[in-house]
Amino acid sequence: MAVPQSKDQLLASMEKSWLTLQKKLDRTPVDIAFTPLLEGHASGTTMSAANLVSYLLGWGQQVLYWHQQEAAGKPIDFPATGFKWNELGKLAQKYYSDYADITDWLTLRAKLEQCYHALVTLVESYSDEALYQQQWYGKWTRGRMIQFNTASPWNNAASRLNALLKTSTAAN
């Protein structure tokens, strides 16, 4: 799918990526969901499907937090407080840790679904102009920053899960 250039395109991209991700998550066996079988986000690490969901949840919440900070008139700490853009592997580890206490696959997925709906609501609250006709962070528009941290990682996660599903199917 092409890079979204409008609110409608962003919402369509988010929905398409989300539905593809959900199909992969639906097929992920619960008995391996918490087993580290995937290449992690930091070099030399592994992660579980649950870690991957935690990562997506962490980024989704981060996007929502950026907008809460902005609405409150506070400065936004990109990408997250205490992290720089060249430390995303460490940030991924933080996101895994943030949700490590959730040990039920369906509960973790439900949290991600709640986050997805909040992100859709966020996008719906902005006009095309606010999303795509002005820079928001550096050279990036608000819509592009949202897409970078929602639909793009959801697509990547679906690909990672697809590889896991092929491996787990071959092993069975």
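Evaluating kT/(6 pi eta Rh) at 4 °C and 1.567 mPa s, with the Kirkwood radius of the chain over Cα pairs in the Stokes-Einstein relation, gives 78 µm² s⁻¹. Using Cα-Cα distances under 8 Å and only pairs 6 or more residues apart, what relative contact order does the chain have, in percent? Result for the chain is 35 percent. Among the complete DSSP H segments of the chain, which ones combine at least 27 Å of alpha-carbon extent along their axis with a mean Kyte-Doolittle hydropathy of -1.0 or more? Answer set is 7-27, 49-71, 105-124, 151-171.
Leaving ligands, DNA and RNA out of it, report the carbon-plus-sulfur percent of the accessible area of the chain at a 1.4 Å probe. For the chain, the apolar C and S fraction of the accessible surface comes to 50 percent. A crude spin-label estimate for the pair Thr121 and Asn162, with each label 7 Å from Cα along the Cβ direction, gives 3.2 nm.
Counting only other residues whose beta carbon sits under 12 Å from that of Ser6, what net charge do I get with K and R as +1, D and E as -1? All intermediate terms of the calculation are to be shown ahead of the outcome.
Values: positive: Lys7, Arg144; negative: Asp8, Asp128, Glu129.
Taking every Cβ under 12 Å from that of Ser6, the sum is -1.
Placing +1 on each Lys and Arg Cβ and -1 on each Asp and Glu Cβ, with no other charges, gives the range 1-123 a dipole about its Cα centre of roughly 180 debye. Once the chain from Lys84 to Asp128 is taken as fully extended at 0.36 nm per residue, the excess over their C-alpha distance is 12.9 nm.
Full extension of the chain segment joining Thr45 with Asp77 gains 8.9 nm, where the gain is 0.36 nm per residue of separation less the Cα-Cα distance.
Computed per residue of the chain from DSSP H runs no shorter than four, each worth -39500 (n - 2.57), the mean residue ellipticity at 222 nm is -20500 deg cm²/dmol. Working note: Karplus 6.51/-1.76/1.60 with θ = phi - 60° gives the range 134-150 the couplings 8, 5, 10, 9, x, 8, 8, 7, 4, x, 5, 5, 5, 5, 4, 10, 10 Hz, where Gly and Pro are set to x. Each residue, Leu64 and Gln114, gets one label point 7 Å from its Cα in the Cβ direction; the gap between the two is 0.7 nm.
The values are calculated or read from the model by the stated rules, or taken from the named source; none is laboratory data. Remember, it's a predicted structure, so these values are computed and weren't measured experimentally. Heads up, the Cβs are rebuilt from the backbone with ideal geometry, glycines too, and the neighbour counts pull from every protein chain shown. For accessibility, only protein heavy atoms count, side chains too; no ligands or nucleic acids. Shrake-Rupley method; radii C 1.70, N 1.55, O 1.52, S 1.80 Å.
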